[in-house]
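Contents: one structure, followed by commentary.
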Amino acid sequence: MKLVVKKEAELLNYLYENLAMSKKKVKSFLTHGDIYIDHQKVTQYNFKLFPGMIIMIQHKNNKNFLFDILYEDDFILVVDKPSGLLTIASEKEKRNTLYHYVLEYLQKKNRSNRVFIVHRLDQDTSGIVIFAKNQNIKNKLQKDWNTLAKVRGYQAVVEGRLKKNKDKLVHHLLETKTNLVYVSKSQRGKEAITNYQVEKENSCYSLLNIQIETGRKNQIRVQLSHIGNPIVGDSKYGKKEKKFSRLYLHANKLVLFHPILKKKMTFESANPKEFSKVI
C-alpha cells in the first residue's frame, strides 16, 4: 500500500486520517515495523511528514500480489493494475485476472470476504481500479458513478503532434459485431467526451493529460485514433509495432466522493517508466 504525502503532519495522525482505520490498527503497523517513509523504516508516532514523501505499508498480507494497494478501508479497495492483466474474467481466461487476485488477497485475511467490481480498465491499460467489499457499496458506487467520480484522469503517449494543444473531443461511438469500436458519422451511438491537454512533445510523440466525462468502451483509444493521433502501442486502433510491449495509456488519477465516509478522496498513481523513455 502506498500513500503520497499531501501536507505537513505527524505520521500517526496522517495515517489515521487517510487510511480510515482505527488508531489501534495504525499503531500496530508502526510497532511491527511495517511503515516505510521514502524506503526507510519508521516506528515513531510523531515522525514529521512533508509534502511529496512516499509512505509504504509493507504488511504481510499484501506482498506477493500482481498489484499495488493504493487505499483500503472497510468498504472499498483501490488498487494499481498493471498493463496486460484483465480486470475480470473473459471466455478465454478465468483465473489470471485482477478480480481473482484481489479476491485472493482479501480471503487470505478472512475466507468469508467477498469483492465486487465497480468499474474496469482495458486489459492493456494500467492504473487505478476500485473494488467494493459488499454488494451495497457496489450498487451505491455504480448507481451514482458519474456524480461520485469527480475526476477520472489518464496520461497517454500518442503518435505525432496534435493540431491543438488542448481540446474537448465529443463523438458518438458504435461497435461492430467483432467488438471493434468506431466513431459514427451520424448522431447514432453512445456519446463519448474526452478532454486532453498536451504536457510534453517531441518530433515523434506527445504526452497527454486526459480527463474523461463519459466511460465508454475503448473511448480514449478510439477518439485519439480518429483525430490521427493513436496511442503508442495500440495494435487494435493504431499502428502494429513490435518495438512497444504495452499500450501507453495509464489511469493516473481518480477523485472520488466516498458514499459512506462522506468525504472527497484523491487517489493517484505514478506514470510507468516507459512513458518518460519514449517522450
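The values are calculated or read from the model by the stated rules, or taken from the named source; none is laboratory data. Just so it is clear, the model here is predicted, and its values are computed rather than measured. Backbone-built Cβ (ideal geometry, glycine too); neighbour counts: all protein chains shown. For the accessible areas, the whole protein counts, side chains as well, though only heavy atoms, and no ligand, DNA or RNA atoms are used. Shrake-Rupley method; radii C 1.70, N 1.55, O 1.52, S 1.80 Å.
At 222 nm, what helix-only mean residue ellipticity would the chain give, in deg cm²/dmol to the nearest 500, using -39500 (n - 2.57) for each DSSP H run of four or more? Present the calculation step by step, with values, prior to reporting the outcome.
Numbers: 7 runs with 57 residues, N = 279.
Computed mean residue ellipticity for the chain: -5500 deg cm²/dmol.
So, for the chain, what is the accessible surface per residue at a probe of 1.4 Å, expressed in square angstrom? Please report the intermediate quantities before stating the final value.
Details: 15220 Å² over 279 residues.
Heavy-atom accessible area per residue stands at 55 Å².
Compute the label zone of SER184 within the range 201-242: residues whose backbone N is under 13 Å from the point 7 Å along Cα-to-Cβ.
So the set is empty, nothing qualifies.
Pick out, in residue order, every one of the trypsin sites (Lys or Arg not before Pro) in the range 198-276 that is DSSP loop and has at most 11 other C-beta atoms within 10 Å; say none if there are none.
Numbers: sites: LYS200, ARG216, LYS217, ARG221, LYS236, LYS239, LYS240, LYS242, LYS243, ARG246, LYS253, LYS262, LYS263, LYS264, LYS273; in loops: ARG216, LYS217, LYS236, LYS239, LYS240, LYS242, LYS243, ARG246, LYS262.
When the trypsin sites (Lys or Arg not before Pro) of the range 198-276 are filtered for loop state and at most 11 Cβ neighbours within 10 Å, LYS240, LYS242, LYS243, LYS262 remain.
Can you give the relative contact order of the chain as a percent, counting alpha carbon pairs under 8 Å and 6+ residues apart?
Details: 571 pairs, mean separation 41.3, N = 279.
Relative contact order comes out at 15 percent.
Over what distance in Å are the Cα centres of the range 188-202 and the range 142-169 separated?
5
Note down the nm distance, to one decimal, between modelled labels 7 Å out along Cα→Cβ at SER276 and at GLU104.
3.1
For GLU191, project a label point 7 Å along Cα to C-beta. Then give me every residue of the range 135-156 with its amide nitrogen under 16 Å of that point.
Only 146-147 pass the distance filter.
Quick check: pseudo-label points 7 Å beyond the Cα along Cα→Cβ at LYS242 and GLN135, how many nm apart are they?
That separation, rounded to one decimal, is 5.0 nm.
Quote the Stokes-Einstein diffusion coefficient, in whole µm² s⁻¹, for the chain, based on the Kirkwood radius over alpha carbon pairs, a temperature of 20 °C and a viscosity of 1.002 mPa s. Write out the running numbers ahead of the final one.
Numbers: Rh = 20.2 Å.
D, rounded to a whole number, is 106 µm²/s.
What nm value, rounded to one decimal, do you get for the distance between ALA89 and ASP73 when each label is placed 7 Å out toward the C-beta?
Each label point is offset 7 Å from its Cα along the Cβ direction, giving 3.1 nm.
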